[in-house]
Each structure stands twice: as C-alpha cells, then as structure tokens.
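Asks: Here it is: the structure, laid out below.
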Amino acid sequence: MQPVIKARGLHKSYGATKALDGIDFDLMPGRILGLIGPNGAGKTTLLKTILGLAPAQGEIRVLGMNPHTQRTELLEQVSFIADTAILPRWLKVREALEYLEGVHPRFHRDRAEIFLQRTEIKATHIIRQLSKGMLTQLHLALIMAIDSNLLVLDEPTLGLDILYRKQFYRTLLEDYFDENKTILITTHQVEEIEHLLTDVIFIKNGRICLSASMEELHHRFTEIRLTDDRSAQAAMPQAIHTRPILGGQALIFENSDRESLRTFGDIRTPSLADLFVAKIQEERRDA
Amino acid sequence: MRKFMTQVKREFWECRTSFIKTPMIAAGVLMGLLLLGIVPWHQKVAGFIKHQQSENPAAATLGSEVFSGLNNHQTITTDPGYLTYGLAAVYSIFAAILLLVLAFYFVDALYSDRRDQSILFWKSMPVSERSAILSKLATGLIGAPALYGIAALVTGTFFLFTFMIYAGAIWNIPVPSAGAMVLTLFKCSLGLLLGWCFMALWYLPLFCWLLLCSAFVRKTPFLMALGAPLALIVLEKWVLGSHHTFVILVKQIAAGIYNLELLLNTPQNLADQLTSTATAPQFWIGLAVSAGFLSACVWLRTNRWEL
C-alpha cells in the first residue's frame, strides 16, 4: 500500500532558525495522525510543505505527487482548514456553495446543504455575520462535502468553546471519516483529540521526537503512580519523567517491562498530554 | 470552462458595488439629470413663445435659438450625426467611470485576499494561480465592461427616446423614423464595443502593472503603482536629462482615449484604426510588457509565501 504522505529528510530554515530539521515519516491511508508540538516547533511549516504552499529541501510526496509542482492537481484530492477565520468575509453562504460546486470536481453540494440544515446558518447569510463557531461549522460543511483522500486540519478549533469543539470532532468522525480517508490534525488541545487518533507525531525544534501508533504507545510507555515513598524508586528503572500529583507522584517509563512495574503500584498508559510534556522536557534535558 | 466562469462570478460577488451597483446608479443619475434638464429648457422655450416681446430678452434669446434650431429640423432630422454626438457623450461618461473603477479593482485584485488572509481559503481550492489571475483580468476587461455597456445602452436609449418624444409630442417637430434611431443606436453601440476593445488593448500594460503592484507589495499597492513610474520619470530627468518615460506613458494613455472616442463617433473607421494600431511598435511592445507583468504575478503568487 502506498503511503498518503511520504516525507524524507525535510529541511527548511528561516535565517538562523531551523523550522524543519530532517523530518522523515510515512502516513498510511485510513489513519488519523495528530501532529503535536509546542509553538514554533515547525508544525505549520511542515503542513505548508505538505500542501505545496512553501517549498522545503528533501523529498515530499503526497498521494504520489509533488505538492509544489502539482499543487492544483493535488488539491482535488486534498482538503485543508488552516484556521477558523480565513473564509472571505464578504462571501455569502450560498455563493460559497456555488463556488465550490463550480471549481471542485469532488464537491457534493447536497451533502453540504444537509449538514448546514442542522445548523443555524442560512444560505443568505454573509460570512461576516457568522459567529466564530458558525464559521467553523460552515467551513467543516464545505470540506466534508468534498470526497478528498486527505484532510489536513491546522488548529481547526482554535478559539471555539468546548461545545463547538466537541461537536466538531464528533461530526468529523461520524459523518466524514471512513477507511478511505486520511486525516492529519495539528492542535494544542491534545486531550480532545486523543481518543480519535490512530497515530501521533511529537515535533520539537523541527525534529520528530516521537512517532508511533496509539497501539505502540500503549506498549511502549507506562505510567505508575506512587505515594510519597522514595524507597520504592531505587529498585525501579530510570523514569523519563516525574511529576507531582496529589499525595505522591506519577512516573512515566519508556520501554520498561510492564509486568515488573506492576509490582510497584497501579500501572496505566499515560495520557497523551502527560506524555507530550514528558517527551518535550526530555528533549530539553538532552539538548 | 465552468471552473473559469465560476471564478469570474466570484469576482463579481466580491466587487458587487463596483461592477453592478455603480453602473446602475450612474444610469439612474444620468437619466434623472436628463429629465431634470428638460424642465428648465421647456420653460425657456415656452417662455419664448409666450412672451416673444418679453421684458427678459436674455431668456427669450436663448429660447429662440433652441427653438428655431429644433423647428428648422437641422439638429434632429437633417443631421443624424447630432444624435451620435449625444449618444457618444453618454457612452464616454460610462467609459470614464469604468476606467476609474478598473484602476481600483486591479490594484486591489491580488492584494485584498492577502490582507484579509482569505488567501488560505482560496489556495485550498484546486485552482491554479494562472487561472485565478486570468479570471481577474477577464473580469476587468470583458465582464465588467459588458455590464457597463448594458447600462450605457439603456441610458442612451432612454436619452434618445425621451428627447424624441419630447420634441415630437410636445412641440410637434418632425423626428427621424424609428429605423433611423435604431440604426444610430446600433452604430454608436458598435462603436462603443470596438472602441473599448482597442482601449482595453492599449491599456493592458497599465492594468497588468496594477495587478503586479497588487501581487508584489506588502502594504498600500497604490503607492507602488503611482510611485514607481513617477520615480522613474524623475530619475530619468535627473540622470539623463530626458523625458522618454513620461512621453511613452502619455502616448499610451492618449492612444486609448483617442481610439475609443474615434470609433465611438465613427465606427466605420475600424479598418484605419486596425492598420494604425497594428503598425505602431509601442502597441506591440505594450502587449509584450503585459505578458511579462502577468508572468511575474503568477510567479509571485506561486512562489512567495509571507503569511
């Protein structure tokens, strides 16, 4: 099976800053990948490279195409939402539907209309009249009505309240995603997407510091919670991260035997957010 | 083709005021002014008849001139050229408004989506930069002029018929046959169409320059659009002591207006105009420069990413 995205040795610098510093990864069809990193880690640069909006050194293939030279062709199969506020403010909802119907061979207007019927958005609304939440609903309705093979979402729920955020991801999973589609999401709100991801990449200073399927994470990382009893720790392997919790501390281990750790206390797979903090801080220590 | 037409439609949605409302308002205002203008004129002519020996000789003199002109059939029936002049004047007003609107349109066309960041949305669509830029050019050169042309035609027809009804019904002056009027309308409108084609081709390098400015600048494209040629003129004067840039620009602008006005009044001059335009090196150089400016626009839109 051909990967949807194949990246090898991607490099890009803005002056002295390395935005991408040797990125390699494959994204297979039917996966939902979360690209997670602190501000300025290179996420947006990587997305721009994938979408052919900015060139980078190295090899990048999206659906077998070169995104920079075959951008128009590629965008018939790739959709993206870059931010909530980028729909042109003067456009009417009806015109947005008509425009997509006219320029996008894979857009199904009836699907978008059915989705919009469930919202308070009217065809006669001008985009500047919509609230931020409605804007996202509209953008999602437009994008979900496209039969694309790859959907790229860059901070799609930024600035939305929790109700809209939950609804956004529920709609995405229930009404859009199937085994033929691939989704790439970047966001800071890690907790909210954790349950829907199949794969995750942590990126820091233009480098990948973790790339794994959620399945692998479960085998690779273990969290154990200890009461404030330091004696037990001496017998344990080296934790990659320790953080205080109420009445004790939580330790995260990488590649340690789960069964032997179980003797020290309750074990679990760390949450993505905790793992993110652990890996990013580990990088900092190593640096 | 459908894709391209949708992009042209998009331009009309964005510039509704400039391309749809403005010609409608201009037509309304001109027709209103015509009706308003008839009132004092009518009063003057009526005043002349009523008070031929009036105590107000100035009003009587003006009224008599107009009335005798009408009554002798000189202006209307014996010389249809007068109708053409009237129509040409109405059409020229629309052409002037259109040129102003187009200058603002082109200088903003590749800048407004960068300013409001909607460029990210447009770039998420399978539309090449080349086709996007060409659709903007087509909107300015063909789409908008078509609407302005319709508004001009409606105003011209209204102008012609109001005048005829007024002269014929109120003053019982013999008017040209409906056929002659339709012929005049047709001739003058054909002149407008041909004249615009010539004008648009002469102004193509100027329009493309505005597009290039709108694709190039980070802020205030008008500053570059006016500032760069001005700086070039001053620099040339200062360094070489000559003023070729100025002359070339004036020639290009004058050629556009000259072609429009000539064909508007006498569309039968088409063959002469074709010959004189096709043999003017400046015309061909202008087209080549336009192609260069357009390629630069496409390059800038494809390869520069500043957001």
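Asks: Scan (1) within 14 Å of chain A (Cβ to nearest Cβ); (2) under 30 Å from B:F161 (Cα atoms) for the single condition B:F94 breaks and write down its number.
Replies: So B:F94 meets the others, but not (1).
Asks: While we're looking at this one, here's another question. Suppose the filter is β-branched (V, I, T), at pLDDT 85 or above and surrounded by 15 or more Cβ atoms within 10 Å (Cβ to Cβ); does A:I126 pass it?
Replies: On the way: β-branched (V, I, T): yes; at pLDDT 85 or above: yes; surrounded by 15 or more Cβ atoms within 10 Å (Cβ to Cβ): no.
So A:I126 does not fit the description; no.
Asks: Collect the residues in the stretch A:129-165 that are part of a helix (DSSP H, G or I) and farther than 23 Å from A:E98 by Cα, keeping them in residue-number order.
Replies: A:I162, A:L163, A:Y164, A:R165
Asks: Are any residues in the stretch A:81-95 at the interface with chain B (Cβ under 8 Å from one of its Cβ atoms) and either modelled with pLDDT of 95 or more or more than 27 Å from the chain's Cα centre (by Cα) (or both), and if so, which ones?
Replies: Hits for the stretch A:81-95 are A:W90, A:L91, A:K92, A:E95.
Asks: Sticking with this one: Report, by residue number, each residue of the stretch A:1-18 that is under 26 Å from A:L173 (Cα atoms), assigned to a loop (DSSP other than H, G, I, E, B) and more than 16 Å from the chain's Cα centre (by Cα).
Replies: Matches in the stretch A:1-18: A:M1, A:Q2, A:P3.
Asks: From the list A:H139, A:H218, which residue is touching a residue at least 40 places away in the same chain (Cβ under 8 Å) and exposed (fewer than 15 other Cβ atoms within 10 Å of the Cβ)?
Replies: On inspection, the qualifying residue turns out to be A:H218.
Asks: Given the conditions (1) surrounded by fewer than 20 Cβ atoms within 10 Å (Cβ to Cβ); (2) farther than 21 Å from A:E179 by Cα; (3) within 25 Å of the chain's Cα centre (by Cα), and given that A:E98 satisfies all but one, which numbered condition is not satisfied?
Replies: Here A:E98 clears every test but (3).
One line per residue, one yes/no per condition, for (1) surrounded by 15 or more Cβ atoms within 10 Å (Cβ to Cβ); (2) within 28 Å of B:S92 (Cβ to Cβ):
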| residue | (1), (2) |
| --- | --- |
| B:P229 | yes, yes |
| B:V239 | no, no |
| B:S242 | no, no |
| B:V247 | no, yes |
| B:I257 | yes, yes |
| B:T266 | yes, yes |
| B:Q273 | yes, yes |
| B:T277 | yes, yes |
| B:W284 | no, yes |
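Asks: Of all residues in the stretch A:30-62 being among the small types (G, A, S) and modelled with pLDDT under 90, which is surrounded by the most Cβ atoms within 10 Å (Cβ to Cβ)?
Replies: Among residues in the stretch A:30-62 that are among the small types (G, A, S) and modelled with pLDDT under 90, the one surrounded by the most Cβ atoms within 10 Å (Cβ to Cβ) is A:G42.
Asks: Moving on to the next point. Note down all Cβ pairs under 6 Å where the first residue falls in the stretch A:64-80 and is within 9 Å of another protein chain (Cβ to nearest Cβ) and more than 18 Å from A:E101 (Cβ to Cβ), the second is of a type in the set (G, A, S) and part of a helix (DSSP H, G or I), and they're at least six residues apart or on different chains.
Replies: none
Asks: Taking the stated definitions as given, is B:S189 at pLDDT 90 or above, among the hydroxyl-bearing types (S, T, Y) and part of a helix (DSSP H, G or I)?
Replies: no
Asks: Go through the stretch B:264-290 and give me each residue that's free of Cβ contacts under 8 Å to residues at least 12 places away in the same chain and outside any loop (DSSP other than H, G, I, E, B).
Replies: Those that are free of Cβ contacts under 8 Å to residues at least 12 places away in the same chain and outside any loop (DSSP other than H, G, I, E, B): B:Q268, B:N269, B:A271, B:D272, B:L274, B:T275, B:S276, B:A278, B:P281, B:W284, B:I285, B:A288.
Asks: Which residues, taken from the stretch A:157-178, are exposed (fewer than 13 other Cβ atoms within 10 Å of the Cβ) and of a type outside the set (A, V, I, L, M, F, W, C)?
Replies: A:D161, A:R170, A:E174, A:D178
Asks: What are the residues in the stretch A:168-178 that are part of a helix (DSSP H, G or I) and in contact (Cβ under 8 Å) with a residue 12 or more places away in the chain, if any?
Replies: A:F168, A:Y169, A:T171, A:L172, A:L173, A:D175, A:Y176
Asks: Is it the case that the stretch B:282-298 has a residue that's out of contact with any helix residue (DSSP H, G or I) (no Cβ under 8 Å at 6 or more places or on another chain) and either over 29 Å from B:A109 (Cα atoms) or within 14 Å of chain A (Cβ to nearest Cβ) (or both)?
Replies: no
Asks: Within the stretch B:108-138, work out how many residues are within 14 Å of chain A (Cβ to nearest Cβ) and not in a loop (DSSP other than H, G, I, E, B).
Replies: Residues in the stretch B:108-138 being within 14 Å of chain A (Cβ to nearest Cβ) and not in a loop (DSSP other than H, G, I, E, B): 17 in total.
Asks: In the stretch A:15-29, how many are surrounded by 21 or more Cβ atoms within 10 Å (Cβ to Cβ), in contact with a Gly (Cβ under 8 Å, 6 or more places away or on another chain) and of a type outside the set (G, A, S)?
Replies: Number of matching residues: 2.
Asks: Just checking, how many residues over the stretch A:103-117 are facing another protein chain (nearest Cβ under 7 Å) and surrounded by fewer than 18 Cβ atoms within 10 Å (Cβ to Cβ)?
Replies: Keep residues of the stretch A:103-117 that are facing another protein chain (nearest Cβ under 7 Å), which gives A:103-104.
With surrounded by fewer than 18 Cβ atoms within 10 Å (Cβ to Cβ) added as a condition, the list becomes none.
Summing the residues that are facing another protein chain (nearest Cβ under 7 Å) and surrounded by fewer than 18 Cβ atoms within 10 Å (Cβ to Cβ) in the stretch A:103-117 gives 0.
The values are calculated or read from the model by the stated rules, or taken from the named source; none is laboratory data. Given the structure is predicted, the values throughout are model-derived calculations rather than measurements. Methodologically, a virtual Cβ is constructed for each residue, glycine included, from the backbone with ideal geometry; neighbour enumeration extends over all protein chains shown.
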